[in-house]
Amino acid sequence: MLGQGVTQLQKALNAKGDVIQREFITISDRLNVVARGILETKDEERAALVAEQDELHEKRAALAEEVNVWRDRAKMVTNRPGEDALRDYLKELAEAMAGEEAIQAAIKHVQFLLDATEEELAALAQTQQEEKPLTPAGRMLDRGRKEWDLRQEGPALRQRAAAEFANRPGMAQDMEAIAEIEDAIFDPDKFVREVAVLTMIQLHRFRAMRLADLEAAYQSVEKLVHINHPSVISALIAILESPRSGFVHKAGENEPVEETNSRLRVAALKRLIEWHTPEARNAIQSYQLDRDSQVSYLARRALETFPGEWKGPIRGTGILKQ
């Protein structure tokens, strides 16, 4: 039970680091935009962009240092040699965490577990057993935390479990389940993180390829293009390879309007170009004569611009820099 308490404290500390990391990523994305602008703008406009670039670099460096501080704090929770050392560290941490309510609560819980009597621990265990059962998404994540086969180095079994979960009836329409899975992509446990990422990919792949509402389907494609995990490549290829029709709601129209999923396919194609892998190139090569003019134009331009072997990403992005 003490181990669970320490894990929860570590998770709370990492969550604080995750907030700062997301800000770091936002600045990195802005830096990409500014860098392109410096190359494309005239001299009189370039100076302002260069100044902004310098400022963003400074902010990003400060955020990177701050993220490392929180990551180090989380690691130190589990690196204390014995309970007395852990008590001392918790006292220091509590003093440094003024105003951080979630972290303070987690610290107090670990301190309670360290000094609790057997009767108090038994009562706590009984309370936990009587708590509300896990949701389907929670059970999926719990498997990643506990089951031996999902905690092996090879990803195959986690990929299979993710696909099975996403294909369960109604799961890809359960927005609470999707949100719970997405929250877990920052879990401190690397196996739980990968279970969450792979399941997220499969859920949004399902939605992008099956939903009649093309706006909702496009939102799922947007999620996929911001995931930096190689398994997303096959999902993007599947979307590119699946032209279909659906419905969109337009301003001034009382009824949904039928459209093709061209916008989804173009977004998937653009991200495949950025992934720049042999698998992505082979897929794109097949769509130089696609019936969708945007798809065919982008496919030809990509192969003309990058005629040689594609050896890996030319641009990272989004929430999961690897």
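The values are calculated or read from the model by the stated rules, or taken from the named source; none is laboratory data. The shown structure was predicted, so the numbers you read here are calculated from the model rather than taken from an experiment. As a convention, Cβ positions derive from the backbone with ideal geometry for all residues, glycine included, and neighbour counts pool all protein chains shown.
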Kindly indicate whether any position in the range 56-74 is surrounded by 13 or more Cβ atoms within 10 Å (Cβ to Cβ), under 18 Å from Asp187 (Cα atoms) and among the basic types (Lys, Arg).
yes
Are any residues in the range 217-252 among the hydroxyl-bearing types (Ser, Thr, Tyr) and in a helix (DSSP H, G or I), and if so, which ones?
Tyr218, Ser220, Ser234
Selection status of Arg71, touching a residue at least 40 places away in the same chain (Cβ under 8 Å) and either more than 30 Å from the chain's Cα centre (by Cα) or part of a helix (DSSP H, G or I) (or both)
yes
Can you confirm whether the range 205-224 contains a residue that is within 20 Å of Val19 (Cα to Cα) and among the aliphatic types (A, V, I, L, M)?
no
Looking at (1) under 21 Å from Val295 (Cα atoms); (2) of a type in the set (Asp, Glu); (3) not in a strand (DSSP E or B), can you tell me which one Glu259 breaks?
(3)
Determine, yes or no, whether Leu298 is under 22 Å from the mean Cα position of the chain (by Cα), in the same structural domain as Met200 (by TED's automatic domain parsing), surrounded by 15 or more Cβ atoms within 10 Å (Cβ to Cβ) and among the aliphatic types (A, V, I, L, M).
no
Kindly list, by first and then second residue, each pair from a residue in the range 137-153 that is in a helix (DSSP H, G or I) to a residue that is basic (Lys, Arg), limited to pairs with Cβ atoms under 6 Å and residues at least 6 apart or on different chains.
Leu150/Arg143; Leu150/Arg158
Just the residues that are buried (at least 22 other Cβ atoms within 10 Å of the Cβ) and over 13 Å from the mean Cα position of the chain (by Cα), please, taken from the range 204-220.
Arg205, Arg207, Ala208, Leu214, Ala217
